[in-house]
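A.B. asks: This is the structure, below, for whatever I ask next.
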Amino acid sequence: MYIFFSKVINLKILGIDLAGKSKNPTGICILKDKNVILKTVKEDKEILEIANMLKPDVIAIDAPIIYGKPKIRKADIILQKYKAFPPILSSMIPLTLRGSKLAAQLSRYYQTIEVFPTATAKILGIYHKNYKKTAELLYLEVRNKHELDAYICCLTGKMFLEGKTETVGDETGEIIIPK
């Protein structure tokens, strides 16, 4: 059913499409062995509980991870061709602050990477403006776009563990995308 995860064995990956504010939906994708679980949550506490129960090999999060004041990084400039929004955009600042705080907590215990699902989908040739068409292409049942993006975060995390990704950016921040 899930074409990209059909050969996965003994991996645990957590994909997070983080919302800027906890009152908004955050998409979660849990990959454990060959099982894919999609959820929508809101609070950081829920995300941390899921991570602690899963104990993932990698957490792939769609949110700018910047320690310190939000700024434009080399990675953001490179990914502009995939329509990445700069972390200093007023609507992105809450996401950047929340994502950085959550990533700091998660990275104490788990390998945590920043990903950009739109870039992954475009690079892999599965991107459609209508998220439902992308989900259909993947034979995936999602309740919302956030769950689809979380799935694509998970996919990027799987590719990362398989050595099929590249890192864009520099010491100011790195984003993982497919090769």
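The values are calculated or read from the model by the stated rules, or taken from the named source; none is laboratory data. Source: prediction; values computed, not measured. Cβ coordinates were reconstructed from backbone atoms using ideal geometry, including for glycine residues, and neighbour counts include every protein chain displayed.
A.B. asks: Criterion first (modelled with pLDDT of 95 or more, polar (S, T, N, Q) and touching a strand residue (DSSP E or B) at 6+ places or on another chain (Cβ under 9 Å)) does residue 96 satisfy it?
C.D. replies: On the way: modelled with pLDDT of 95 or more: yes; polar (S, T, N, Q): yes; touching a strand residue (DSSP E or B) at 6+ places or on another chain (Cβ under 9 Å): no.
Criteria not met by residue 96.
A.B. asks: Pick from the stretch 83-92 the residues that are over 18 Å from residue 170 (Cα atoms) and either touching a residue at least 24 places away in the same chain (Cβ under 8 Å) or among the basic types (Lys, Arg) (or both): which of them is surrounded by the fewest Cβ atoms within 10 Å (Cβ to Cβ)? Before you say what the answer is, go through the steps one by one.
C.D. replies: The first filter runs over the stretch 83-92 and keeps only residues over 18 Å from residue 170 (Cα atoms), leaving 83, 89-92.
Next, only the ones that are either touching a residue at least 24 places away in the same chain (Cβ under 8 Å) or among the basic types (Lys, Arg) (or both) stay: 83, 91-92.
On the way: 83: 10, 91: 8, 92: 19.
Top of the filtered list is 91.
A.B. asks: Here is a further query. Residue 84 passes all but one of (1) in contact with an Asp or Glu (Cβ under 9 Å, 6 or more places away or on another chain); (2) outside any strand (DSSP E or B); (3) aliphatic (A, V, I, L, M); (4) at pLDDT 95 or above; which number fails?
C.D. replies: Residue 84 satisfies every listed condition except (4).
A.B. asks: Taking the conditions exactly as written (outside any helix (DSSP H, G or I), at negative phi, more than 13 Å from the chain's Cα centre (by Cα) and not polar (S, T, N, Q)), does residue 94 satisfy them or not?
C.D. replies: Numbers: outside any helix (DSSP H, G or I): no; at negative phi: yes; more than 13 Å from the chain's Cα centre (by Cα): yes; not polar (S, T, N, Q): yes.
So residue 94 fails the test.
A.B. asks: Counting only residues that are of a type in the set (Asp, Glu) and either surrounded by 13 or more Cβ atoms within 10 Å (Cβ to Cβ) or touching a residue at least 40 places away in the same chain (Cβ under 8 Å) (or both), which one in the stretch 167-179 is nearest to residue 124 (Cα to Cα)? Write out each step before concluding.
C.D. replies: Going residue by residue through the stretch 167-179, those that are of a type in the set (Asp, Glu) are 170-171, 174.
Of the ones still in play, those that are also either surrounded by 13 or more Cβ atoms within 10 Å (Cβ to Cβ) or touching a residue at least 40 places away in the same chain (Cβ under 8 Å) (or both) are 170, 174.
Working: 170: 24, 174: 20 Å.
Only one residue tops the list, namely 174.
A.B. asks: From the list 65, 77, pick out the single residue that is buried (at least 17 other Cβ atoms within 10 Å of the Cβ) and closer than 21 Å to residue 178 by Cα. Even if it seems obvious, please write down each step before you answer.
C.D. replies: Details: 77 fails: buried (at least 17 other Cβ atoms within 10 Å of the Cβ).
When all the criteria are applied, what remains is 65.
A.B. asks: Specify the residue that is surrounded by the fewest Cβ atoms within 10 Å (Cβ to Cβ); the eligible residues are those in the stretch 111-142 that are among the aromatic types (Phe, Trp, Tyr) and in contact (Cβ under 8 Å) with a residue 60 or more places away in the chain. Steps first, answer last, please.
C.D. replies: First, the residues of the stretch 111-142 that are among the aromatic types (Phe, Trp, Tyr): 116, 127, 131, 139.
Next cut, in contact (Cβ under 8 Å) with a residue 60 or more places away in the chain only: 116, 139.
Values: 116: 28, 139: 10.
Among residues in the stretch 111-142 that are among the aromatic types (Phe, Trp, Tyr) and in contact (Cβ under 8 Å) with a residue 60 or more places away in the chain, the one surrounded by the fewest Cβ atoms within 10 Å (Cβ to Cβ) is 139.
A.B. asks: Consider the stretch 32-52. How many of its residues are at negative phi, out of contact with any Gly (no Cβ under 7 Å at 6 or more places or on another chain) and outside any helix (DSSP H, G or I)? First the steps, then the outcome.
C.D. replies: First pass over the stretch 32-52, keeping only residues at negative phi: 32, 34-52.
Applying the additional criterion that residues be out of contact with any Gly (no Cβ under 7 Å at 6 or more places or on another chain) yields 32, 34-39, 41-52.
Subsequent filtering for residues that are outside any helix (DSSP H, G or I) retains 32, 34-39, 41-43.
Of the residues in the stretch 32-52, 10 are at negative phi, out of contact with any Gly (no Cβ under 7 Å at 6 or more places or on another chain) and outside any helix (DSSP H, G or I).
A.B. asks: Applying the selection to the stretch 109-138, what residues are within 21 Å of residue 54 (Cβ to Cβ) and assigned to a loop (DSSP other than H, G, I, E, B)?
C.D. replies: 109, 110, 111
A.B. asks: Go through the stretch 53-88 residue by residue and tally those that are in contact with a Phe, Trp or Tyr (Cβ under 7 Å, 6 or more places away or on another chain) and not hydrophobic (A, V, I, L, M, F, W, C).
C.D. replies: 3
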